[in-house]
There are 2 protein chains.
Amino acid sequence: MIMTKPERLLFIINLLRSRERTSLAQLSTQCRVSKRTIYRDLLSLQRLKVNVCCDHGYFLDEQHLFPELKLTEKERELLGFCLNYTPLNQSNHFAGKLAEIESKIIAALNGGNQKKLSRYMVGAIPKLCRLSADQDAVLECFFDAILNHRKISVRLKPHDKEFSGLRAVGISIEDSAWHMCLTDSIGNKTVKIPLDKVRSVAVSD
Amino acid sequence: MIMTKPERLLFIINLLRSRERTSLAQLSTQCRVSKRTIYRDLLSLQRLKVNVCCDHGYFLDEQHLFPELKLTEKERELLGFCLNYTPLNQSNHFAGKLAEIESKIIAALNGGNQKKLSRYMVGAIPKLCRLSADQDAVLECFFDAILNHRKISVRLKPHDKEFSGLRAVGISIEDSAWHMCLTDSIGNKTVKIPLDKVRSVAVSD
């Protein structure tokens, strides 16, 4: 089947995205057109601001329009290990997010039927207190407040003492426990509160 | 400036890749052509096997030609945490690989000047014996043997006892130590050897 020019352009972009280097001869064979036609196609791509570079073969500029995630088998394995053996998995909420991240990465890698990134490396999930559903909800609300730069109020155990107008600035995992990092509204002073001292968190503006 | 049709097609693909849903009106405004022209462009893309779907706006089929890594801010944060606070960082070799993975992911996300994925979450690197340069080299060779399905010979401390014709099948991190998992050539019996008992590993086939 003969490809039209737009078909060839997309085909060439797709091929160059997934390979390190491709020669004019290889492109010509795969598209079943002459090298001269391929050369003109490459010029067309340049004009379309798809930066095709030439140095021992053709390849796409790093900054091209369609950035692609390329990971070697070793990198996939290591990344899978990191996602599966992390203290974050002690939170059901974060564990769910990590599973989604793994799926998205596999999809971006054109991974086909692969279910997990890691096949050969196993480990133990680092010790950290497992979160209750309540704690998970507090942490989720707190994390959202960090990312959305919202002010919060925090109610502490055991006497329901409340602090409001605080800024959520970070989460720290240390000494086998989760900690919430907060500052006053001006950002002058940072305090770190262990999650198990927190009764509830609410967005306050 | 008026775009040519190939320019518009690439522009549209790029726009649809980076957004959830786009309307005909938005595409028409951004390309400065009529909605009718955009509609014809979308039909052309369909013919080019770029699957544009329509359901409350246009979007690209999951299985389209240019898979893209899309991560929310929360997902980037969690992924960055996993890559930075993992026992793998106790190996200089793997720590280098993890830094490369983080760079590649940032590049695929069109991250611009971002240096790290994680900004708000910090943690401690789980306890695990830090690898010496020699141990790092042994582990690297062993890991390559796993991925390349090569047979290896292993020399153990302290008497340099040697076992050959083994298959490297996995790496396990447990009890704060690295272990190499091996089977005999038939795969009948798996043994797990702590890395600090290993003098050297060599590919043997």
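Checking the stated criteria, B:Leu128 turns out not to satisfy the condition of being within 19 Å of A:Glu77 (Cβ to Cβ), at the interface with chain A (Cβ under 7 Å from one of its Cβ atoms) and not in a strand (DSSP E or B).
Look at the stretch B:20-43: where a residue is small (Gly, Ala, Ser) and a partner is surrounded by 15 or more Cβ atoms within 10 Å (Cβ to Cβ), sitting 6+ places away or on another chain with Cβ atoms under 6 Å, you get B:Ser23/B:Gly57; B:Ser28/B:Ile38.
The residues of the stretch B:162-176 that are within 13 Å of another protein chain (Cβ to nearest Cβ) and in contact with a Leu (Cβ under 7 Å, 6 or more places away or on another chain), listed by number, are B:Arg167, B:Ala168, B:Val169, B:Ile173, B:Ser176. In the stretch B:40-63, the qualifying residues are those that are of a type in the set (A, V, I, L, M) and closer than 30 Å to A:Ser103 by Cβ, and the one that is surrounded by the fewest Cβ atoms within 10 Å (Cβ to Cβ) is B:Leu42. Considered as a group, the residues in the stretch B:131-142 that are of a type in the set (A, V, I, L, M, F, W, C) and in a helix (DSSP H, G or I) include one that is nearest to B:Ser164 (Cα to Cα), and that residue is B:Phe142.
Let's see how each residue does on (1) more than 10 Å from chain A (Cβ to nearest Cβ); (2) within 30 Å of B:Leu24 (Cα to Cα); (3) among the hydrophobic types (A, V, I, L, M, F, W, C); (4) in a helix (DSSP H, G or I):
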{"site": "B:Leu71", "(1), (2), (3), (4)": "no, yes, yes, no"}
{"site": "B:Lys97", "(1), (2), (3), (4)": "no, no, no, yes"}
{"site": "B:Gln114", "(1), (2), (3), (4)": "yes, no, no, no"}
{"site": "B:Asp144", "(1), (2), (3), (4)": "no, no, no, yes"}
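Restricting the stretch B:1-39 to residues that are surrounded by 12 or more Cβ atoms within 10 Å (Cβ to Cβ) and among the charged types (D, E, K, R) leaves a set whose member that is farthest from A:Ser44 (Cα to Cα) is B:Arg21. Checked against the criterion of being facing chain B (nearest Cβ under 7 Å), closer than 30 Å to A:Asn14 by Cβ, exposed (fewer than 14 other Cβ atoms within 10 Å of the Cβ) and among the charged types (D, E, K, R), the stretch A:75-83 contains not a single residue that satisfies it. The set of residues in the stretch A:15-42 being in contact with a Phe, Trp or Tyr (Cβ under 7 Å, 6 or more places away or on another chain) and part of a helix (DSSP H, G or I) consists of A:Leu16, A:Arg17, A:Leu24, A:Cys31, A:Leu42.
Checking the structure you have, find out if any residue of the stretch A:103-110 is assigned to a loop (DSSP other than H, G, I, E, B) and facing another protein chain (nearest Cβ under 7 Å). Yes, that holds for at least one residue. Restricted to the stretch B:116-125, and to residues there that are out of contact with any strand residue (DSSP E or B) (no Cβ under 8 Å at 6 or more places or on another chain) and farther than 18 Å from A:Phe81 by Cβ, the residue that is farthest from the other protein chains (Cβ to nearest Cβ) is B:Lys116.
Hey, does the stretch A:84-96 have a residue that's in contact with an Asp or Glu (Cβ under 8 Å, 6 or more places away or on another chain), over 25 Å from B:Leu83 (Cβ atoms) and at pLDDT 90 or above? Checking the stretch A:84-96: not a single residue is in contact with an Asp or Glu (Cβ under 8 Å, 6 or more places away or on another chain), over 25 Å from B:Leu83 (Cβ atoms) and at pLDDT 90 or above. Of all residues in the stretch B:133-142, those being surrounded by fewer than 18 Cβ atoms within 10 Å (Cβ to Cβ), within 14 Å of chain A (Cβ to nearest Cβ) and among the aliphatic types (A, V, I, L, M) number 0.
Restricting attention to the stretch A:146-161, the residues being among the aliphatic types (A, V, I, L, M) and touching a Leu at 6+ places or on another chain (Cβ under 9 Å) number 2. In the stretch B:118-132, the condition of being surrounded by fewer than 17 Cβ atoms within 10 Å (Cβ to Cβ) and among the β-branched types (Val, Ile, Thr) is met by at least one residue. One residue stands out in the stretch A:145-166 among those that are without any contact (Cβ under 8 Å) to a residue 40 or more places away in the chain and surrounded by 14 or more Cβ atoms within 10 Å (Cβ to Cβ): the one that is farthest from A:Asn89 (Cα to Cα), namely A:Phe163. One residue stands out in the stretch B:178-190 among those that are at pLDDT 90 or above and in contact with a strand residue (DSSP E or B) (Cβ under 6 Å, 6 or more places away or on another chain): the one that is farthest from B:Pro158 (Cα to Cα), namely B:Thr183.
The values are calculated or read from the model by the stated rules, or taken from the named source; none is laboratory data. A quick note: this is a predicted structure, and the numbers were derived from the prediction, not measured. FYI the Cβ positions are ideal-geometry reconstructions off the backbone, even for glycines, and counts take in every protein chain you see.
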